[in-house]
Amino acid sequence: MKRYGRPVALLLGGIAIAFLTPACGRDTPATRRTNPERLRPTPATAIETRPAGRPVPEGDEAALAEARSFLAAPARSETCGPYRLVSDADDRLVSTLRAICAGPVATFDSIYAERLSVTPAHPPRGTLVLFADPGRFRAYVAARADLPQGYAGFSLATRGLVVLPAAGVTADELARTLTHELAHLAHRRTFGADLDRWLAEGLADAVSDTAHAGGQAPLTGFAGVEGLRVRLLGGYATGRARPLHELAALPEGEFDRGRVSHDYEQSALLVRFLLLDPELGPLLRGWLAARALQGGGIDSRFPPDRRPDWDEIDRRFRRWLGAPEPGAASHR
């Protein structure tokens, strides 16, 4: 999920991972598209691999009924790519939604696989609940004690539900918000419940920040994240942005918990930097492929084998961003 005031919506702090944890159904074999040369060399007989992803349900009926109770009547139901769409939108907004469904939603899995070099082990499923009235959306969130306030959308992956307001934003922003939330469902289908928050949010941004109502633009430079860059540079200038080793080590409950936090901006821009870097991009994609094919010899944290370490990544990231170099303190 994303916070209000950002150009793209981020997944609900603490909620997505918390809801990703319980198992949902049983794992089933699936054909994966990976690059074997990017996997860490391990004797074939040493590790028994299996897809780490878990299925996402069509949509938990009790959770859907609760969300629908806050929609204005009559709510309509139709398909949106491979998903079910439930909304109280008027005809004009429905026309916008259908364009998004035919564009970035329909092509989402191919963009996810192409950009991250992993393929979900389970097919896309779930129900999208879109509120035409942001006030009704906020009332729904306020009625649930487990959902913090102030986010532009969220997903409950184990329940197969994505919920967000659809009015009051541009078509392109709605496309970015929706594809960000779909990315969290795709994380479950690909990796299960094991991604750290910085990585889960950063990967979701990497496949959604370039979305627009008609499709997807290439991932290049700071295109689509110029505002995030300005805010993060301000965080470094005031000393409020964390060193990257601290961001990567944050416990689930501490991510984006400060009164002034730059955790989301750092996560989005860090993952983009890693994917675009000619050395770190193949390293990250190979590690993601190994995580998707779960095995006993896979290092669960990035970077694998701590090479390069976070100090070096931090220096290179700030140089790419245009931020001051980190201090002399070392962390390995």
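Going by amide H atoms built from the backbone, whose H comes under 5 Å of the H on ARG50, apart from near neighbours?
Residues meeting the amide H criterion: GLN294.
Hey, can you find the accessible area per residue of the stretch 85-203 for me, probe 1.4 Å, expressed in square angstrom?
Value for the stretch 85-203: 29 Å² per residue.
Quick one: which residues, 5+ away or cross-chain, put their amide H under 5 Å from the amide H of CYS80? H built at 1.01 Å from N.
When sequence neighbours closer than 5 places are left aside, the close amide H contacts are LEU85.
In nm, give the distance between the simple-model label positions of ARG319 and GLU252, each being 7 Å from the Cα along the Cα-to-Cβ direction.
For ARG319 paired with GLU252, the spin-label model returns 3.7 nm.
When the label point is put 7 Å from the Cα of SER110 along its Cα-to-beta-carbon vector, which residues of the stretch 123-141 have a backbone N closer than 19 Å?
Label zone hits: 123-125.
To the nearest 10 Å², what's ARG257's accessible area with a 1.4 Å probe?
Number for this one is 120 Å².
With θ set to phi - 60°, apply the Karplus curve 6.51 cos²θ - 1.76 cosθ + 1.60 along the stretch 234-251 and write out the HN-Hα couplings as whole Hz, x wherever there is a Gly or Pro.
For the stretch 234-251, the Karplus curve yields x, x, 5, 5, 9, x, 9, 7, 6, x, 5, 5, 6, 4, 5, 9, 4, x Hz.
Step through the residues of the stretch 190-195 one at a time and calculate ³J(HN,Hα) from phi using the Karplus curve (6.51 cos²θ - 1.76 cosθ + 1.60, θ = phi - 60°), rounding each to whole Hz and writing x for Gly and Pro.
Karplus values, whole Hz, x for Gly and Pro: 9, 10, x, 10, 9, 7.
Taking H placed 1.01 Å from N in the peptide plane, check which residues at least 5 places from HIS212 or on another chain put their amide H under 5 Å from its amide H.
The list, which skips near neighbours in sequence, is ALA217.
Using mean Cβ contacts within 10 Å as the protection proxy, how do 177-183, 58-64, 300-306 order, highest first?
Put in order of decreasing packing, that is 177-183, 58-64, 300-306.
Could you sort 70-81, 188-199 so that the peptide with the highest average Cβ count within 10 Å comes first and the rest follow in order? Before the final figure, lay out the partial values.
Details: 70-81: 14.3, 188-199: 23.2.
With the highest mean Cβ count within 10 Å placed first, the list reads 188-199, 70-81.
Residue farthest toward the positive end of the dipole of the stretch 37-182, with Cβ of Lys/Arg at +1 and Asp/Glu at -1: which of THR170, ALA65, GLN149?
Farthest towards the positive pole: GLN149.
Taking the full set of protein chains and a 1.4 angstrom probe, give the accessible area of VAL56 in square angstrom, rounded to the nearest 10.
0
In whole Hz, what ³J(HN,Hα) sequence does the stretch 118-123 give by Karplus (6.51, -1.76, 1.60; θ = phi - 60°), x for Gly and Pro?
9, 10, x, 7, 10, x
Around ARG316, with a cut-off of 11 angstrom between Cβ atoms, what is the net charge of the other residues, counting Lys and Arg +1 and Asp and Glu -1?
Net charge in that neighbourhood comes out at -3.
The values are calculated or read from the model by the stated rules, or taken from the named source; none is laboratory data. Quick caveat, the model's predicted, so the values are computed rather than measured. So basically every Cβ, Gly included, is an ideal-geometry build from the backbone, and we count neighbours across all protein chains shown. Ligands, DNA and RNA are stripped out before the accessible areas are found, and what is left, the full protein with its side chains, is counted by its heavy atoms. Shrake-Rupley method; radii C 1.70, N 1.55, O 1.52, S 1.80 Å.
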